[in-house]
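The values are calculated or read from the model by the stated rules, or taken from the named source; none is laboratory data. Everything numeric in this text was worked out from a predicted model, so none of it was measured. Cβ sites come from the backbone with ideal geometry, for glycine too, and all protein chains shown count toward neighbours. These accessible areas exclude ligands, DNA and RNA; they are computed on the full protein's heavy atoms, side chains included. Shrake-Rupley method; radii C 1.70, N 1.55, O 1.52, S 1.80 Å.
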Amino acid sequence: MRENTLNRLVKVGSALVAGSVIGLGGTTAAVANDKLVELQKDEANWVMQGKNYSANHYSSSKQINKKNVTDLAPAWTFSTGLLNGHEGAPLVVGDMLYIHTPFPNNTFAINLNNPGQIVWEHKPKQDPAARAVACCDVVNRGLAYWPGDSKTPAMIVKSQLDGHVVALNAETGEVHWKVENGDISVGQTQTQAPFVAKDLVIQGSSGAELGVRGYVTAFDIHTGEMAWRWYATGPDSEIGLANNFNSENPHYGQKNLGTQTWEDDAWKIGGGTNWGWYAYDPDLEMFYYGSGNPAPWNETMRPGDNKWTMTIWGRDVNTGLAKFGYQKTPHDEWDYAGVNVMMLSEQEDKDGKMRKLLTHPDRNGIVYTLDRETGDLVSADKMDDTANWVKKVDLETGLPIRDPEFSTRMGHRSRDICPSAMGFHNQGMDSYDPERELFYLGINHLCMDWEPFMLPYRAGQFFVGANVWSYPGPKGDRANGIGSGQVKAYNAISGDFAWEKMEKFSVWGGTMATAGGLVFYGTLDGFIKARDADNGDLLWKFKLPSGAIGHPMTYTHDGIQYVAINYGVGGWPAVGLVFDLNDPSAGLGAVGAFKELARTTQMGGGFMVFSLDGESPYTKDLSVGEYEM
């Protein structure tokens, strides 16, 4: 099925209309959706990118475990027919598996009883101009699922690079609604997976490298009508601050800072987009995410703290109003966009008090843990001891204590700053094992040289203002361009690392943990690996057709546990390979960092599924998928 004629086309809230449609009361529209919570608990499903609302990416399945993981073998595969980077992971709901792709953002539905049969496909026709304003390849981080109610059928929700959000009938693939959430003519794109909470679809925005102004928007799942939209910069009335905003931590800042911490009207082109991952606490009815880097990268052009870019937000899902906002890197000088994964846990703190926590491995090299009810900063540890822009984070003030040797300034090439602009952590979806109380982090080990330059703002054109040269960190092999990745097991309460392992390249897609005592992840050079969750020992690996920048997932079908992952190298780390670039500073500094990648893998996208001994519907019954008279 190609894209259908729209039955109901609802266009609301062009991003060019700042604040004119924001703050529409969502409390009456949103209806609690307990079905989605129940689906998350069933290991037959993988209903959202983070596995569940806590985004812990942890499965209680243990059919595949330490003792038998060496028996994992391919069960079946699926080619998407596209070559660009494949981030995110498919969803599984009951018998159906839903696969997304990079631009042009095709979607395929497959019945797991016969994976060789495509049940439906949705192939949207998009303005190809969207490709030209995509920052770092034309990736997409996945789909969202809403289970339906008495009024509306179950939906698969997708974002498109051209700025649209689309809801598809999960059974037929028919378009239920389509709305515009961004304008590519000014550089707004979408690469983020939509997020469903209650009866709302929450969607962020991309394009900070083109000087757009970031926002988060909620749409009514039934109609596509906008429920609310709030920005990262500007007047409080457009940022959406609750009356008690930061009342627990007034030193984080409270009123009028979205304009006062900017020079003149620089906030209007100040970035703060959010294209990463969300988490949600149904009990508190709060959701959490990070706003990204200020624009442009050249800090000279935007004096001030540039609030509320680089901020961990805790917002009420019904109204979108922010209860707290904690800015991690005031006046960012290095493009440490803090949109990274938010993982929720309940743990005893050092004083033995049980707390609702939020743990966030930030691009700036610090792992932050906050009390997610109050926003209190509980801990802030270096992800790796080579992070040098910051000496430490003051837990009383929440402010980073910077090392001025690694600051940036006009007319100067600052050298050996760690981490690089790509961060010690980027878009990877990481995991938390509640039994071991360990976070498994897929990490970059990259440093950089940085030289800013002045440039004018022109709508729809890149607005960066810095040359960057990235390369492996001190623990890697800079001469040969390898040793740019790590996997680590981290305890957020003690601040200790239970184990850490180096990788040839960045672990870009993140990790998945299981009750089988395993940690799975993909590598840029094309392996899926399994390590012992207790000591990091490598237990199993398989060479994929192309490099992996997506995250692993698992599901159980007809009594068999499967582990699966997207393959298809691309994204920011592979822009040199994708676009055949050779200048080390090209690709916003990525080309030099991954110059050896092309010697290990090439482009090619698809999905690969594993099980013990390769068992599948086809091994159980050879007649499945066969021609029948």
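Write out, first by first residue and then by second, each pair whose Cβ atoms fall under 7 Å of each other, whose residues are 6+ apart or on separate chains, and whose first residue, in the stretch 197-208, is hydroxyl-bearing (Ser, Thr, Tyr) while the second is part of a strand (DSSP E or B) and surrounded by 24 or more Cβ atoms within 10 Å (Cβ to Cβ).
Filtered contacts from the stretch 197-208: Ser205/Tyr215; Ser205/Asn274; Ser206/Thr189.
Where in the stretch 80-134 are there strands (runs of 3 or more DSSP E), lying fully within it, with 3 or more residues that are free of Cβ contacts under 8 Å to residues at least 12 places away in the same chain and either in contact with a Cys (Cβ under 8 Å, 6 or more places away or on another chain) or more than 17 Å from Asp162 (Cα to Cα) (or both)?
Because the criterion is at least 3 residues that are free of Cβ contacts under 8 Å to residues at least 12 places away in the same chain and either in contact with a Cys (Cβ under 8 Å, 6 or more places away or on another chain) or more than 17 Å from Asp162 (Cα to Cα) (or both), no strands (runs of 3 or more DSSP E) in the stretch 80-134 meet it.
Could you give every pair whose Cβ atoms fall below 8 Å, whose first residue belongs to the stretch 235-248 and is closer than 16 Å to Ile312 by Cα, and whose second residue is crowded, with 22+ Cβ neighbours inside 10 Å and of a type in the set (Val, Ile, Thr), counting only separations of at least 6 or pairs across chains?
Listed by first residue and then by second, the contacts come to Ile239/Thr233.
One residue is enough: does the stretch 603-615 have a residue meeting the conditions closer than 26 Å to Met422 by Cβ and either acidic (Asp, Glu) or over 22 Å from the mean Cα position of the chain (by Cα) (or both)?
No, that holds for no residue.
Residues checked against (1) within 29 Å of Val468 (Cβ to Cβ); (2) under 21 Å from the mean Cα position of the chain (by Cα); (3) at pLDDT below 95:
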| site | (1), (2), (3) |
| --- | --- |
| Thr329 | yes, yes, no |
| Val378 | no, no, no |
| Pro404 | yes, no, no |
| Gly428 | yes, yes, no |
| Leu438 | no, yes, no |
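Mind checking which residues of the stretch 431-466 are within 27 Å of Ser414 (Cα to Cα), open to solvent by less than 60 Å² (accessible area, probe 1.4 Å) and in contact with a Lys or Arg (Cβ under 8 Å, 6 or more places away or on another chain)?
Within the stretch 431-466, Ile443, His445, Asp449, Trp450, Pro452 qualify.
Mind checking which strands (runs of 3 or more DSSP E) fall wholly inside the stretch 348-418 and carry at least 3 residues that are of a type in the set (Val, Ile, Thr)?
Output list reads 366-371.
Which residue, of Asn274, Asn244, is under 30 Å from Glu346 (Cβ atoms), open to solvent by 10 Å² or more (accessible area, probe 1.4 Å) and modelled with pLDDT of 95 or more?
Exactly one residue qualifies, and that residue is Asn244.
To keep it simple, each residue is scored yes or no on (1) touching a helix residue (DSSP H, G or I) at 6+ places or on another chain (Cβ under 6 Å); (2) of a type outside the set (S, T, N, Q); (3) in a loop (DSSP other than H, G, I, E, B).
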position	(1), (2), (3)
Leu539	yes, yes, no
Phe542	no, yes, no
Pro545	no, yes, yes
Ile549	no, yes, yes
Tyr562	no, yes, no
Ile565	no, yes, no
Val578	no, yes, no
